[in-house]
Amino acid sequence: MPWSRDQLAQRAAKELRDGFYVNLGIGIPTLVANYIPDGMEVTLQSENGMLGMGPFPHDEDVDADLINAGKQTITALKKTSYFSSSDSFAMIRGGHIDLSILGAMEVNDRGDLANWMVPGKMVKGMGGAMDLVAGVKRVVVVMEHTSKDGASKLLKKCTLPVTGINVVDLVITDLGVFEIDKHGSQPMKLIELAGGVTLDEITAKTEATFVNALR
Amino acid sequence: MANKVYPDAQSALEGFTFDGMSVMSGGFGLCGIPENLIIALRDSGVKGITVISNNAGVDGWGLGLLLETKQIKKMVSSYVGENKEFARQYLSGELELEFNPQGTLAERCRAGGAGIAGFYTKTGVGTLVAEGKETKVFNGETFVLETGLVADLSIVKAWKGDKEGNLIFRKTARNFNPMMATAGKKCVAEVEILVETGELDGDAIHTPGIYVDRIVQGTFEKRIEQRTVTKRENAYPV
């Protein structure tokens, strides 16, 4: 069985480490916050200007001045600090955030990422995605292995306009996990399979070249 | 003595607007937007505006109001997702659009206000954003040259202000407001609470009054785009 959305989030949560400062993208990455292991301290950064993001508020605690980057109402924690957008991106671009987990439309085996525009369709904009992939120490992508029409989203070369080149360290799809040596010359490595998924199946559904490094 | 305090948003914009001008407008989504000054800008009737703002409001609120009246010629933004009228005008070619990565947009405003003409960033290298721009290698890594931004007018929203124009923002409503306050040739601020000079703690001021030409106290709707709540403990956004 390929991994469900929640299982993908659970798998991505294994990339968290105690003391990490983490930025989570919209969609499945946001779910990762539900799987922070007990006893592990992880501080969530929201690029609109907040470090130490708390959970959703109770109805009576909703505050229009307190939202996350997805424009959802949220809460603060004891450790929370607020800052301007330029300070927020200084944090991001300056390499002070340990981990960014985000979604993607395409990734190639050199770590190039496309997740912001489809030519010919209404483009909403890249928001903070280009800054995050350029600046955060480690970038983990969580996505479906194939598009709705069955095409591989792990490619030799991205067909869509990219968000960044040589930026992705790890790709978690519903079929398995791939490691990318983004600044080096090592080939992309398959390191895990989702339960019940075979090497033949993932090979057939992957356009990018990879080596079998299953542990 | 110079007076920065104006009775309402309309009078606070008097003499600061002209057709074809550029305006920086603070806020992230609908959080921390200068609601009253946007309405006053609409009512001024000024046309052909280039608006520099992270987002473009929503249909019927925020900068969406200026789109309805077709007063905006061009938007410089990082994300414009929540606005049907925006999409319509853009796809029909009525509206120009320049996307900047969010951090680049913030830094361009900061640089513009700080007298820095340009800066090299690694954001956007190898993407459409870097096309036609100068690049340079520092310590083996490629960076792209981005320019500082200055606008004819910046309109910002703060939580508290004093008669000197000193501003304090609240929570995530700070966002782009502090940098934009520095990067307008003129800056008008609207605040929820206006106090006498001396009542704010000088150590707590986010934007010193030197950047603010005029200040006005307003009432605010503070609309929420995504009202997300929980009944259980520790529920993160889904």
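The values are calculated or read from the model by the stated rules, or taken from the named source; none is laboratory data. This one's a predicted model, so the numbers in the text were calculated from it and none came from an experiment. Because the Cβ atoms are built from the backbone with ideal geometry, glycine has one as well, and the counts that use them run over all protein chains shown. Surface accessibility is based on the protein's heavy atoms, side chains included, excluding ligands, DNA and RNA. Shrake-Rupley method; radii C 1.70, N 1.55, O 1.52, S 1.80 Å.
From the helices alone, meaning DSSP H stretches of at least four residues, give me the mean residue ellipticity at 222 nm for chain B, per-run term -39500 (n - 2.57), in deg cm²/dmol to the nearest 500. Mean residue ellipticity at 222 nm (helix-derived): -5000 deg cm²/dmol. Per-residue 3J(HN,Hα) values for the range B:175-185, derived from phi via the Karplus relation 6.51 cos²θ - 1.76 cosθ + 1.60 with θ = phi - 60°, read 5, 7, 4, x, 5, 5, 4, 7, 9, x, 4 Hz in sequence order (x marks Gly and Pro). For the peptide A:71-81, the mean number of other protein chain Cβ atoms found within 10 angstrom of a residue's Cβ is 4. Restricting the calculation to Cα atoms, the range B:1-75 yields a radius of gyration followed by a Dmax of 12.2, 42 Å.
Close Lys pairs in the range A:73-215 (alpha-carbon distance under 24 Å; sequence gap of 8 or more, or different chains): 27. Shape class of the range B:1-151 from the Cα gyration tensor (axes a ≥ b ≥ c, square roots of the eigenvalues): oblate, since a/c reaches 1.5 or more and a/b does not exceed b/c. Based on the alpha-carbon gyration tensor of the range A:125-194 and its eigenvalue square roots a ≥ b ≥ c, which shape applies: rounded if a/c is under 1.5, prolate if not and a/b is larger than b/c, or oblate? Oblate is the answer for the range A:125-194, as a/c is 1.5 or above yet b/c matches or exceeds a/b. Given a cut-off of 37 Å, what percent of all Cα-Cα pairs of the protein assembly as shown lie beyond it? In whole percent, the long-distance tail amounts to 27.
For the range A:93-139, the list of trypsin sites (Lys or Arg not before Pro) that fall in a loop by DSSP and count at most 13 other C-beta atoms within 10 angstrom reads A:Lys121, A:Lys137. Computed per residue of chain A from DSSP H runs no shorter than four, each worth -39500 (n - 2.57), the mean residue ellipticity at 222 nm is -4000 deg cm²/dmol. Can you tell me the orientation of helix B:102-113 relative to chain B, as the angle in degrees between its alpha-carbon axis and the longest Cα principal axis, to the nearest 10? The angle comes out at about 60 degrees.
When only C-alpha pairs under 8 Å and at least 6 residues apart count, what is the relative contact order of the range B:1-82, in percent?
Relative contact order, the range B:1-82: 29 percent.
Peptide B:52-59 has a mean shielding of 1, counted as Cβ atoms of other protein chains within 10 Å of each residue's Cβ.
A 1.4 Å probe over all protein chains sorts B:Val216, B:Val137 by accessible area into B:Val137, B:Val216, starting with the largest. Pull out a ≥ b ≥ c, the square roots of the eigenvalues of the alpha-carbon gyration tensor of the range B:161-200, then state rounded if a/c is under 1.5, prolate if not and a/b is larger than b/c, and oblate in the remaining case. Taking the square roots of the gyration eigenvalues as a ≥ b ≥ c, the range B:161-200 is oblate.
Of the residues A:Trp3, B:Trp61, B:Trp159, the one with the largest accessible area comes first in the ranking B:Trp159, A:Trp3, B:Trp61, computed with a 1.4 Å probe on protein heavy atoms.
How many Å² of accessible surface get buried when B and A come together, counting both sides, probe radius 1.4 Å, rounded to the nearest 100?
Using a 1.4 Å probe, the pair buries roughly 4800 Å².
The listed residues B:Ile224, A:Ile180, once ranked by accessible area (1.4 Å probe) with the largest placed first, stand as B:Ile224, A:Ile180. Annotation: B:Arg88 carries an accessible surface of approximately 100 Å², with a 1.4 Å probe and no ligand, DNA or RNA atoms counted.
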